[in-house]
1. Relative contact order of region 175-250, please, whole-number percent, based on alpha carbon pairs below 8 angstrom and at least 6 residues apart.
2. Nearest 5 percent is fine: what portion of the DSSP beta bridges confined to the chain is antiparallel?
3. Each residue of region 197-214 in turn: what ³J(HN,Hα) in whole Hz from Karplus with 6.51, -1.76, 1.60 and θ = phi - 60°, glycine and Pro shown as x?
4. Short version: ³J(HN,Hα) in whole Hz for each residue of region 41-56, in order, from phi by Karplus 6.51 cos²θ - 1.76 cosθ + 1.60 (θ = phi - 60°), x for Gly and Pro, what are they?
5. Relative to the longest principal Cα axis of the chain, at what angle does helix 78-90 sit, 0 to 90 degrees, rounded to 10?
6. Which residue fluctuates the most in the chain, going by a Gaussian network model with Cα springs under 10 Å, if the choices are Glu215, Glu337, Glu122?
7. Quick one: if you take sqrt(5λ) for each eigenvalue of the C-alpha gyration tensor of region 9-167, what semi-axes come out, biggest first, whole angstrom?
8. Going from the alpha-carbon gyration tensor of region 77-173, what semi-axes, largest first and in whole Å, does one get by taking the root of 5 times each eigenvalue?
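Please treat every number below as a calculation from the coordinates, not as lab data. Computed from a predicted model, the values in this text were never measured in an experiment. Positions of Cβ are backbone-derived with ideal geometry, glycine not excepted, and every protein chain shown enters the neighbour counts.
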Amino acid sequence: MGSDTIDAVALFGSCYADARHGFRADAGDAAADLQSHVNDEAGHGPTGELLATDVARFGPPGAERVLFVLSGVHGKEGYAGSAVQRGWLAAGGPDRIGRGCAVVLIHAINPWGFAYGSRTTEGNVDLNRNFVDFSKPMPANPDYDALHPIFHTADADPITLNRAISALESARAWMGPKAFSNAMSRGQYSHRDGMMYGGTSPTWSNRTLRAIFAEHARGARSAGLIDLHTGIGDYGATVFICLHAPNSPAWERARGWWGPRAIDGSTLPSEHKVLADYAGTTFDAFASSAGPCEKTATVIEFGTLDRLSMRRALLVDRWMNTTGDRSSPEALALMRETVAASAPADPEWRTRVVASGVTVVEEAVAGIARD
Ligand SMILES: [Zn+2]
């Protein structure tokens, strides 16, 4: 079955537990080797469910070429990533894996964030800034200090949020796009109640992802990574973010697998042409934990709402993380809003995302077999 005939909308879980259940059922039906990693440091989900990362492997043990497809680094973005993983299964993807190749689907690496509708892990840590070397001094982000008081809203009332959003727009104007991107997005290690906080030690999700990379890439000569996110890009568009050094062998391989759009920045929307110099991302985890093989990676973003709506969702998320109770009726209502900013319910959006995501995975499955 091709990805054009699958019911993409049905592949989106209604909550973390539903997505997890669907993923495990679909992977089991496709005869995957299934593994679960339970996060026993984060308690349970809002309905008492286990919080776990599930891993489905297809292909022989010790395969020479291993492609990882990762969802839910930013928890609530896992709705889309999970649907793409399940879409690839529904489209019969495992039947097209080349000889000597394996595909490893990592479902919900940040299960707490997925379950509670947050970008971060438990403890307000941005997992995609947490993969730094904690034995060294933390990356500095002096410009973040200017934004912290703006992020630090006293409540999540619309007037408060609009005031903060206007202040951020002003800061963007006076700082300029590059300095603002770095201040806002590169990650900061100084304010535990702040935005894009990288933490003080490796989180459970960090340790679990590194262990999965190490175990499943053992013996591999080549490894690939597709890290699925949402929130950057025009509504429903597919954006490639390649963090490999320009003209490096990995950068060339990414071009070979996915075409020029993987490396030339052409898929980035105009307001994201200037990216932050990110610290501690999954690229770093992959580079340092997936063994000595050659590595090819991309971040995929599916565009959702406009920039101001995304800022609003970030502010609400940070506020909820620092006020504590994510299970109250008020928190759950706000959570639905932040989740909608990461996974719009619109069937057209969901259909586009699954179709594009499955194509990106298929291109990598073909590319890794060729290289
Ligand atoms: Zn993300």
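1. That works out to 11 percent.
2. 40 percent
3. 7, x, x, 10, 7, x, 6, 4, 4, 4, 5, 5, 5, 4, 5, 5, 4, 5
4. So the J values, rounded to whole Hz, are 8, 10, x, 10, x, x, 10, x, 6, 5, 9, 8, 9, 10, 10, 10.
5. Approximately 20 degrees, to the nearest 10.
6. Evaluated over the chain, the most mobile residue of the options is Glu215.
7. Values for region 9-167, descending: 34, 20, 15 Å.
8. Semi-axes, largest first: 37, 20, 13 Å.
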